[in-house]
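Note sheet for the following structure.
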Amino acid sequence: MKNLIQPKMRRITGIAAMALILGLSACGSKGNDKESQLAALREQQVTIEKQIAELETQLKAEGKKVNRPKKTVPVTVVALQPETFSHYLEMQGRVDFDQNVLVSARVPGVLTSVRVQPGDRVSKGQTMATIDAQVLEQNMAELRTRLDLARIAYEKQKNLWDQKIGTEMQYLTAKNNKEALERNLAALQQQRDQYNIKAPVSGVVDEVIPNTGEAVAPGIGIIRVVNVAGGKIVAEVSEAYLTRIKKGDKAIVYFPDLKKEVQTTVNVVGNFINPTSRTYTVELKLDNANEVEMRPNLVAVVRIQDYENKNTIVVPVNLVQRDEKSEFVYVAQKEGEGYVAAKRMVKTGQSYKGNTEVLSGLAANDQVITAGYQNLNEGQPVVFTTTNSLSQK
């Protein structure tokens with residue numbers, strides 16, 4: 001049978017060669033018609049490939065191995081180098097302040113003046129607004145008149161008593177009357193002070209709600225004062241991460257509205273878990289408060305680092321392929337004068353932002369295939385289009 005196959009192969013080869021010569025002659029007769037030449041060559045290619053397929057089928061039927069030449073695939077490779085891999089927990093936060101107070105009136109009434117506006121700086125105890133206290137002031141004026149008379153009466157009784165004139169009871173009555181009126185006036189003055197709305201902390205006026213002439217009542221905030229020196233970022237974290245975040249952890253805070261990113265650390269880790277949201281609170285403070293012009297409730301994207309490996313191999317997640325048994329990547333391996341694709345089994349760790357750490361299976365200077373690996377087979381020849389370092393990407 002072998003003697004029959006070989007003449008047949010030679011005959012097919014001769015026919016193909018003759019067809020090629022005839023095709024070229026036909027093309028030549030048409031001058032430089034490249035389109036006709038291309039069509040003729042493609043037709044010949046189809047014929048030859050069909051004959052080759054028939055012979056391969058016959059050989060396989062006889063139980064003989066048919067070795068087809070492996071196609072060389074162009075690929076892009078990256079020379080691996082150890083680097084630091086960091087994993088972050090990401091959540092939304094907001095800006096808050098240790099002293100962020102919405103001040104309300106202590107007594108009901110109508111505003112007679114508003115002495116501040118948003119942006120004004122105030123000191124602790126400074127009067128920011130006043131409430132109508134006309135009735136109380138009239139009572140105080142009447143009391144002062146009575147007190148003046150009581151003081152005169154007391155002084156006269158005291159002089160007489162010092163001269164042993166009159167009775168002791170008269171002296172004590174005048175003294176008691178004066179002191180009682182003084183206490184009453186002091187109480188009214190304290191009450192009058194409640195009609196002044198004062199700043200409970202030093203800071204900046206952030207909001208003024210009512211206008212002069214509007215009614216106010218206790219418990220309803222009317223002026224917000226913020227002490228910007230106590231700025232912090234507050235975020236709610238799922239209880240699932242309770243053991244993964246601790247005080248002092250590195251963090252990155254990004255302010256989308258300001259398009260600014262700052263480095264910071266976790267300052268406070270709350271112990272209370274909200275039964276409704278199943279979250280707990282973490283607080284972060286900026287090392288330099290002047291880095292960002294923070295305002296109450298400014299949105300912040302908080303990323304807290306919960307894992308770091310300072311000397312590991314890192315590859316893009318999409319390079320790691322999986323089969324029934326394990327994970328693997330393709331690397332370019334030296335073979336003879338060229339390179340072939342080699343399947344390298346790997347063990348991966350955590351992933352973040354499209355990258356994953358490789359715990360075993362790859363080493364420094366391994367040339368991992370980053371483009372063209374989708375249809376590779378083990379041992380397939382490869383040729384490099386570009387070679388660079390992963391850290392340069």
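Remarks
- Qualifying residue in segment 267-276 (condition: touching a residue at least 24 places away in the same chain (Cβ under 8 Å) and buried (at least 18 other Cβ atoms within 10 Å of the Cβ)): no
- Long-range neighbours under 9 Å by Cβ, at least six apart or interchain, first residue closer than 16 Å to Gln190 by Cβ and touching a residue at least 24 places away in the same chain (Cβ under 8 Å) within segment 130-147, second open to solvent by 70 Å² or more (accessible area, probe 1.4 Å) and not polar (S, T, N, Q): Thr130/Arg115; Ile131/Arg106; Ile131/Pro108
- Per-region count, segment 148-192, residues free of Cβ contacts under 8 Å to residues at least 24 places away in the same chain and within 25 Å of Gly109 (Cβ to Cβ): 4
- The set of residues in segment 265-295 that are modelled with pLDDT of 90 or more and either assigned to a strand (DSSP E or B) or basic (Lys, Arg) (or both) comprises Thr265, Val266, Asn267, Val268, Val269, Arg278, Thr279, Tyr280, Thr281, Val282, Glu283, Leu284.
- In segment 365-381, the residue that is modelled with the highest pLDDT out of those that are in contact with a Ser or Thr (Cβ under 7 Å, 6 or more places away or on another chain) and either surrounded by fewer than 17 Cβ atoms within 10 Å (Cβ to Cβ) or more than 15 Å from Leu319 (Cα to Cα) (or both) is Ala371.
- Some residue of segment 219-232 being over 30 Å from Glu291 (Cβ atoms) and open to solvent by 50 Å² or more (accessible area, probe 1.4 Å): yes
- Qualifying residues in segment 95-126 (those that are farther than 20 Å from Val201 by Cβ and assigned to a strand (DSSP E or B)) - the one least open to solvent (accessible area, probe 1.4 Å): Leu111
- When segment 322-364 is limited to residues that are among the aliphatic types (A, V, I, L, M) and surrounded by fewer than 15 Cβ atoms within 10 Å (Cβ to Cβ), the one that is nearest to the chain's Cα centre (by Cα) turns out to be Leu359.
- Count of segment 127-162 residues which are open to solvent by less than 70 Å² (accessible area, probe 1.4 Å) and either part of a loop (DSSP other than H, G, I, E, B) or at positive phi (or both): 1
- Checked against the criterion of being among the basic types (Lys, Arg) and more than 29 Å from Thr243 (Cα to Cα), segment 295-311 contains one or more residues that satisfy it.
- A single entry from Tyr241, Tyr254, Tyr195 fulfils the requirement of being open to solvent by 70 Å² or more (accessible area, probe 1.4 Å), on the phi < 0 side of the Ramachandran plot and in contact (Cβ under 8 Å) with a residue 60 or more places away in the chain: Tyr241.
- Any hit, segment 199-211, residues being open to solvent by less than 80 Å² (accessible area, probe 1.4 Å), of a type in the set (Ser, Thr, Tyr), modelled with pLDDT of 90 or more and assigned to a loop (DSSP other than H, G, I, E, B): no
- Of the residues making up segment 296-312, those that are at pLDDT 90 or above and of a type in the set (A, V, I, L, M) are Val299, Ala300, Val301, Val302, Ile304.
The values are calculated or read from the model by the stated rules, or taken from the named source; none is laboratory data. Predicted model, so just to flag it, every value in this text is computed and none were measured. Cβ sites come from the backbone with ideal geometry, for glycine too, and all protein chains shown count toward neighbours. Note: areas computed on protein heavy atoms with side chains; ligands, DNA, RNA excluded. Shrake-Rupley method; radii C 1.70, N 1.55, O 1.52, S 1.80 Å.
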